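A short write-up of the structure that comes next.
The values are calculated or read from the model by the stated rules, or taken from the named source; none is laboratory data. Keep in mind that what you see is a predicted model, and the values were worked out from it rather than measured. Quick reminder, even Gly has a Cβ in these numbers, built from the backbone with ideal geometry, and neighbours come from all protein chains shown. Note: areas computed on protein heavy atoms with side chains; ligands, DNA, RNA excluded. Shrake-Rupley method; radii C 1.70, N 1.55, O 1.52, S 1.80 Å.
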Amino acid sequence: MTKLYYQLPGTWFGDCMPFGHGDQFYLYHQRDTRKPCPFGEPFGWDLSTTSDFVHYEDRGVAIPRGSDEEQDQFIFAGSVFEAEGMYHIFYTGYNRDYPKAGKPSQVLMHAVSQDLVTWTKTNEALTFTPREGYDPDDWRDPFVIRDQEREEYLLILGARKMGPKTRQSGRTVYFTSKNLKDWEFHGDFWAPDLYTMHEMPDLFRIGDWWYHIISEYSDKNKIVYRMAKSIHGPWIAPVDDAFDGRAYYAGRTFCLNGQRILFGWVPTKENCDDRGNFEWAGTFMAHEIYQREDGTLGVKVPEPVWNVFNTAEPVADCIMDSPSRRSTYTAAEHTGDLFRFEADVEFGQGTRSFGIRLYENEDTEEGYQYIFHVGENRYEFEKNPNWQWPAHMNMGLLRPIKLEAGRTYHIRMIVDDTIATLYVDGVALNARFYTKPGEAVKLFVTDGTLKATNISWAKGMKE
């Protein structure tokens, strides 16, 4: 089990519906028991709280699931918000048996609370039922925001048009209301015809820009966003429209005391095998979102997470000049299964690739690596050597990044048991792995020059 990133023992962390009050983040989420597999045993929502993403308090069941005969046999994602003098949740009630009876499997439902801990289902007949032309079994994950300019509530949710599940008709649709009771449907909010379904839609503003986030599972299986100067678009795509790669999903955001956090989960792999495919649910970890000067969004590690590690051990600077081969530099040994690493790196003109190895075995040279492909302006996570092929299924574990010779890049990496997270230039990449052949961390360069300064690493967390 991970020691820093959050996963209650015996459960797997699913979609998170965050809220913030005072100095506490409230993590309403699904806990999958994997009995006998993902989505096997029905679940409701549970609650954990944290102020620093290091220490968590389990608050138990927030909204219990209904019986096998009720609409909310499973409680899928929804939205937590404060309005009209109380706290509200609009959530998705899902019954996997209903389609056989000719009833929609997914219906939006409502619960209220005075204290964010004890919730009461209202059982109101909400006017959020799937509309004509939309798939009644893909109608979920509502998100509510107050539109201050129009003095009304705006509710967005993920949907798709009727037709084969392979059709890329995924879209975000929306309703408006003045009182949270009477809702008017307005059709499509964002319909790019890029994905088969939009999940976990989110909407927020930073400065002059509005941002619309969704999770999609039919293209790259990751979280993507669009930006606009108006709450209703038109929505434009940045060059890099994501926050992370394949191993980070279903992220929603919340801003508390000026800190906007992205709440997503790192999936496990089938049979805990490097060669296995990713599964639904896993381990929670937080990215902190920030806005760049051009309005695009970057992510970084929350400082309390970075600072919880023991005192960092400095490592001597190095310069590797290797014009026609690969060279390596050992930066740390005997790392254990929880550590952080950082360095400033600068590569020379004509360099082919460079990167960081982790969990390397000094004798066999087996390990994992984040490799930066200079000519391709991207970096990826992989097993090294990738033999016997494939030694690690890493489809989707790559990120675009502009790589320029002579520029200094600050790299931060956290490794927590079977999860590695690397941040560079506002670009993050999570990965899941299992074999861990050794305990060394190395820097390397291929066909070029790499200068590394301000290198340090820290093992374990403070008491």
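Structure notes:
- Condition broken by Phe254, with the remaining ones in (1) free of Cβ contacts under 8 Å to residues at least 60 places away in the same chain; (2) open to solvent by 20 Å² or more (accessible area, probe 1.4 Å) satisfied: (1)
- In region 301-327, residue farthest from the chain's Cα centre (by Cα) [restricted to those that are in a strand (DSSP E or B) and buried (at least 16 other Cβ atoms within 10 Å of the Cβ)]: Ser322
- Residue count, region 401-444 (criterion: in contact with a strand residue (DSSP E or B) (Cβ under 8 Å, 6 or more places away or on another chain) and under 20 Å from Tyr290 (Cβ atoms)): 19
- Residue-level check: of (1) within 21 Å of His29 (Cβ to Cβ); (2) in contact with a strand residue (DSSP E or B) (Cβ under 6 Å, 6 or more places away or on another chain); (3) open to solvent by 10 Å² or more (accessible area, probe 1.4 Å); (4) not basic (Lys, Arg), Glu82 misses just (2).
- For region 101-145, a residue qualifies if it is open to solvent by 70 Å² or more (accessible area, probe 1.4 Å) and either closer than 16 Å to Ile63 by Cα or touching an Asp or Glu at 6+ places or on another chain (Cβ under 8 Å) (or both), and the qualifying residues are Gln114, Asp115, Thr118, Thr120, Asn123, Glu124.
- In region 379-397, the residues that are assigned by the TED database to the domain that holds Asn221 never reach a residue that is among the aromatic types (Phe, Trp, Tyr) and surrounded by fewer than 20 Cβ atoms within 10 Å (Cβ to Cβ) with C-beta atoms less than 7 angstrom apart, at least six apart or across chains.
- Subset of region 1-50 (residues that are among the small types (Gly, Ala, Ser), on the phi < 0 side of the Ramachandran plot and surrounded by fewer than 16 Cβ atoms within 10 Å (Cβ to Cβ)): Gly40
- Residue, nearest to Glu382 (Cα to Cα), within region 423-459, restricted to residues that are open to solvent by less than 20 Å² (accessible area, probe 1.4 Å) and in a loop (DSSP other than H, G, I, E, B): Phe433
- Strands (runs of 3 or more DSSP E) lying entirely in region 173-234 (those with 2 or more residues that are surrounded by fewer than 18 Cβ atoms within 10 Å (Cβ to Cβ), on the phi < 0 side of the Ramachandran plot and at pLDDT 95 or above): 183-190, 199-206
Okay, residues lined up against (1) open to solvent by less than 50 Å² (accessible area, probe 1.4 Å); (2) under 22 Å from Phe53 (Cα atoms):
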residue	(1), (2)
Glu382	yes, no
Asn386	no, no
Pro390	yes, no
Asn394	yes, no
Ile411	yes, yes
Thr421	yes, yes
